[in-house]
Amino acid sequence: MSNIHLVIGNKNYSSWSLRPWMALSMAGIPFRETVIPLDTPETAKLIAQHSAAGRVPVLHHGRQVVWESLAIMEYLAELFPEKNLWPKTISARAVARAVSNEMHAGFSALRNACPMNIRRPPKPVPLNDAVKRDIARIEQLWRDCRARFGKGGKFLFGKFSIADAMYTPVVSRFETFAIPVAEDTRAYMDAILSTPAFKSWREAALKEMWIVPSDEVD
């Protein structure tokens, strides 16, 4: 099962690529990666070699091709059940899936106002009411998950899970745009930012040669 190949976009910008990359790395699952530069004349052609959907990330495992971040992580959870990529108990799993899907489908105001850009020096920007509501909801979700299920570790459900992978780009956004947050939110952010996996991703992002417009989203 070690012949896993993850195709991703620029590490500086591609928040959706970061999610399964974090899940694989934090679980210690061996994989190789291919990075496709975004927003170039060759981008669409290069991605089309891996997926007809025209987007990254894409996972190859033998003849199996899985596209879309959450679908990739669901596949990995089934492929490696011993890694417990979802929490063990049914109640925790239900909540983890709910918060992951809320991230997947929502928070568009935050995405648009604060796109992931790891190279950007931390600096605040004006936040409208919609962005503030997104931030408040995210902080509430993190606080509730930690209070109910997080006593066994530093992450949302104790051990790092798919839910944490889904919110890692949000942590990066909060950091980059110097979002004012509560003390418990800051502690969770620090837990994510201090993981060897995120540090490795960040280091690679800072070394990338590809630059795309600063308003690139997701």
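The values are calculated or read from the model by the stated rules, or taken from the named source; none is laboratory data. Note that this is a predicted model, so its numbers are computed, not measured. Virtual Cβ from ideal backbone geometry, glycine too; neighbours counted across all protein chains shown. Areas reflect the complete protein model, heavy atoms only, side chains present, ligands, DNA and RNA absent. Shrake-Rupley method; radii C 1.70, N 1.55, O 1.52, S 1.80 Å.
Note on the chain: with a GNM built from Cα contacts shorter than 10 Å, the maximum mean-square fluctuation among L59, L79, L38 falls on L79. For the chain, carbon and sulfur atoms together expose 56% of the accessible surface, with a 1.4 angstrom probe and every protein chain in place. Protection proxy ranking for 62-70, 112-120, using the average of other Cβ atoms within 10 Å per residue and placing the highest first: 112-120, 62-70. Between L193 and H5, the simple spin-label model (points 7 angstrom out along Cα→Cβ) gives 3.6 nm. Net length available on complete extension from R63 to E33 is 9.2 nm, with 0.36 nm assigned per residue and the Cα-Cα distance removed. Computed from backbone phi, the HN-Hα couplings of segment 111-118 come to 4, 6, 7, 9, x, 5, 7, 5 Hz, rounded to whole numbers (Karplus: 6.51 cos²θ - 1.76 cosθ + 1.60, θ = phi - 60°; Gly and Pro given as x). Of all aspartates and glutamates in the structure, the ones whose alpha carbon falls short of 14 Å from that of K151, not counting any fewer than 8 places away in one chain, are D184. Gyration tensor analysis over the Cα atoms of segment 1-116 returns equivalent ellipsoid semi-axes of 24, 20, 11 Å (largest first, whole Å).
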